[in-house]
Each structure stands twice: as structure tokens, then as C-alpha cells.
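Some notes on the structure that comes next.
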Amino acid sequence: MGPEATPPERSRIMAPPKVRSVPLGQPLFWLSAGWRDLRTSPIASLAYGLLFAAVGDVITIFAWYRGHLFIAATSGFLLIAPLLAGGLYEISRRREKGLSTTFFGSLAAGRRNMGELAKLGLLLAVIGLTWERVSTLLFALLAPHIPADLLILLAEAPKYPEHRDLLFIWLISGGVLATLNFAITVVSVPLLLDRQIDFVTAMRTSLRAVDANLRVMIIWAAIVATLTVLSFVTLFFGLIVFMPLIGHASWHAYRDLVE
């Protein structure tokens, strides 16, 4: 007897997705498509933006004078943001199929592949914890006489060269972890919400998509980072619009990058 045949449907679901190469200006198309989704479902989309802004402001209120806690809470919030945006991906997915949805209806998106999404969330939590520990260690080694407080470091950096070195190393270290987080989530989260696939394959697909479109993804990462910084400058109120825009645009990025 020959080897057992693999059911066609299971083979299709578990096969590693193929990735595409896209034109350099595609991020502008993603933003445009994301804006159309936002305008089509403004109430559901802006509800997510309001929630993100509220969480950001709560973090600021309770951790502003606790620099160590502020760094950990803010970093963790931003690291898991791709998972929290799952409802926005669902709104875009349903609009793509000509279906309407509500805020509460979009919350059901995570149920389709909850186990694998939870595993990815755990990994992102580990990355966040790693950054918190690295940040604390850098302060302890390079500036033991000041608390692990980014605001104090920014105030002290112009006065002391060693503090400027710490700030530079701190930013580079955070940038490396942020880049890793971006590379493994930019495609994997919408992919997990869209298909029954394991989180390792989803992350590998995300990394392959970034590798195949490195210049495009650098531009996209710069756009996301710029909108995030603008949200910080506006005390997170910018997230009310920028978060839904990024979330919807990220869905269109996934649809372009993965066959």
C-alpha cells in the first residue's frame, strides 16, 4: 500500500504561502487603501483608535514619573500592537469581500486561529520582557548613579558624554528589537487571522516577505514609525486616526505581499 494521501484541503492550508515582490511606491497605495477602509467603516475603525489612545494615556498618567515602568509599559504596548489591531484587519477583510461589520463583530476575528495567535502573543511578550531587562541592564552598567528613567537620561545627555553614549546604545538596542518585532509581525498577524496556519510558518513567511521587499519594507517601517512618533507627540491622541489607518493599511500590505 502506498503512502496515505494528504487531503487536498489540508495540503492547501498547511503549505507555506508564497510571497510576492511589489513596487517601491506600494506603501502609498496601502495607506490610500487603508484610508478608504477607515472612511467606509468609521465608527468601528475609530473605536479601535479611541481604545489605543485611551490605553496610551492611562500608561502616561500612571507611569510618567516612574521612568522604568513607563519604558516597560509603553514598549510592551507598542510590541503587541499588531495583535491588538486584529479587529482592524477583520474590518478590511470583510470589506474586501463586500461585507459590512461592526466593532463587536470584528472582535470575533481572533477566534479563528486563537491558539497560534496566543503563541505569537507569548513570543512578543518575551521580546518585550527582554527589552525591559536589557534597558535596565544598560542603565545599571553605564549610568548606575541615575534611575532607569528615559526622561532623566534625555535631560542629562547634553551635559555628560557617557550619558550620550548610553542614550545612543539604548536607542540602537531598542531599534534592533523593534526591527525584529516588525519583521516577524508585519505579515504574520494578518496571515494567522486569515488562514489556518501555525505561527512559526506565519513568522517565516513574514521574514521572507521582508527579505523579498527590503527597500519597500524599510519605507513602510519608516511610515509606521513616523505616525507612531506623531501619536506620542500628541499625547497618544493621534492614535485615534493613525492606529486604524496603519491597521487597515497593514492588511493591504499583507494581501499584496502574500499570494
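The values are calculated or read from the model by the stated rules, or taken from the named source; none is laboratory data. Just so it is clear, the structure is predicted and the values come from calculations on it, not from any experiment. Reconstructed Cβ throughout: ideal geometry from the backbone, glycine too, with neighbour counts over all protein chains shown. These accessible areas exclude ligands, DNA and RNA; they are computed on the full protein's heavy atoms, side chains included. Shrake-Rupley method; radii C 1.70, N 1.55, O 1.52, S 1.80 Å.
Worth a mention:
- Net dipole in debye of the chain [+1 Lys, Arg Cβ; -1 Asp, Glu Cβ; about Cα centre; nearest 20]: 660 debye
- Cα-based values for the stretch 44-172, radius of gyration first and Dmax second, are 18.9, 59 Å.
- Residues whose amide H lies under 5 Å from that of Val258, counting only those 5 or more places away or on a different chain, are Arg20; hydrogens are built 1.01 Å from N in the peptide plane.
- Protein heavy-atom surface of the chain, 1.4 angstrom probe: 70% of the accessible area is carbon and sulfur, with nucleic acids and ligands not counted.
- Computed label-point distance, nm, for sites Lys119 and Thr136 using a 7 Å Cα→Cβ extension: 2.9 nm
- The stretch 120-259, relative contact order [Cα under 8 Å, separation at least 6], %: 18 percent
- Relative contact order, percent, the chain [alpha-carbon distance under 8 Å, six or more residues apart]: 39 percent
- Ratio of Rg to Rh for the chain: 1.02 [Cα atoms; Kirkwood radius as inverse mean 1/r over pairs].
- Of the DSSP H helices in the chain, those that are both long (alpha-carbon extent of 24 Å or more along the helix axis) and hydrophobic (Kyte-Doolittle mean at least -0.5) are 42-63, 114-142, 161-185, 214-233, 239-257.
- Modelled FRET efficiency - R0 41 Å, Phe62 with Arg204, Cβ distances, 0.05 increments: 0.60
- Excluding ligands, DNA and RNA, the accessible surface per residue across the chain is 53 Å² with a 1.4 Å probe.
- Surrounding net charge for Arg20, when Lys and Arg each add one and Asp and Glu each subtract one, Cβ distance under 11 Å: +1
- Cα-based Kirkwood hydrodynamic radius, the stretch 186-259, one decimal, Å: 13.1 Å
- For the stretch 132-259, Kirkwood radius (reciprocal of mean inverse C-alpha pair distance, Å): 16.8 Å
- For the residues Thr60, Thr234, Thr201, a GNM of the chain with alpha-carbon springs under 10 Å puts the largest fluctuation on Thr234.
- Longest DSSP-loop-exposure-free segment, trypsin sites (Lys or Arg not before Pro), the chain, at most 14 other Cβ within 10 Å: 160-259
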